[in-house]
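First the structure, in the form of structure tokens, and then the observations on it.
The values are calculated or read from the model by the stated rules, or taken from the named source; none is laboratory data. Not measured: the values here are computed from a predicted model. With ideal geometry, Cβ positions are generated from the backbone for all residues, glycine too; neighbour counts draw on all protein chains shown.
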Amino acid sequence: MDVPDNLLCLFTAELEETDDSYIIEVPAREVAKGQLQPNQTYRAAVVQTASPKPEAQTQNEDQLDSTAKHSEDHSQNHDQTNREPPVEKGEQRTVDIESLGDQGDGITRVERGYVVIVPDTEPNERVRIEITDVSKNVGFAEVIERKDYYE
């Protein structure tokens, strides 16, 4: 699955039925982080949950397939030459875990909305990670230190 460079947020949501339509609620944290603005129009892609595959890394990639994605439609302004992942294998950084994927692994985003999957973490946890694997669409990391949120 290709994840666009102009991805603004990534989260899992349930489709809720109302009288004559259906709603996907955007978590307030997405607006609080400044990625999204109220009363603006965004493009949303809804991706069906894929069945788990036997290899652990493939299962982590499936988490992406089961996540609702919202991205602002400004691709005409986006620099198409900047397609390399914004992380490298072996790189360390401190991140905040934003949500959990279907397999229970933590999900965080870095530059350009690039998704990094971090096993054994919880939402709102701040951790120092080391990138262990990088693909065009998603990175994987392991926790090397758990941080106090206010550090």
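If only one of 28, 32, 56 is among the aliphatic types (A, V, I, L, M) and modelled with pLDDT under 75, which one is it? The conditions single out 56.
Applying the condition of being over 14 Å from residue 107 (Cβ atoms) and under 16 Å from the mean Cα position of the chain (by Cα) to the range 132-141 and asking which residue is surrounded by the most Cβ atoms within 10 Å (Cβ to Cβ) yields 134.
How many residues does the range 12-24 contain that are under 25 Å from residue 98 (Cα atoms) and either of a type outside the set (D, E, K, R) or touching a strand residue (DSSP E or B) at 6+ places or on another chain (Cβ under 7 Å) (or both)? Quick ask: steps written out before the conclusion?
Step one: filter the range 12-24 for residues under 25 Å from residue 98 (Cα atoms), giving 12-16, 22-24.
This time we only want the ones that are either of a type outside the set (D, E, K, R) or touching a strand residue (DSSP E or B) at 6+ places or on another chain (Cβ under 7 Å) (or both), so: 12-13, 15-16, 22-24.
Number satisfying all stated conditions: 7.
On the given criteria, is residue 147 closer than 22 Å to residue 7 by Cα and out of contact with any Gly (no Cβ under 6 Å at 6 or more places or on another chain)? Spelling it out, it is not the case that residue 147 is closer than 22 Å to residue 7 by Cα and out of contact with any Gly (no Cβ under 6 Å at 6 or more places or on another chain).
Restricted to the range 65-113, and to residues there that are aliphatic (A, V, I, L, M) and in a loop (DSSP other than H, G, I, E, B), the residue that is modelled with the lowest pLDDT is 110. Selection of the range 114-131 for residues being surrounded by fewer than 16 Cβ atoms within 10 Å (Cβ to Cβ) and assigned to a strand (DSSP E or B) yields 128, 130.
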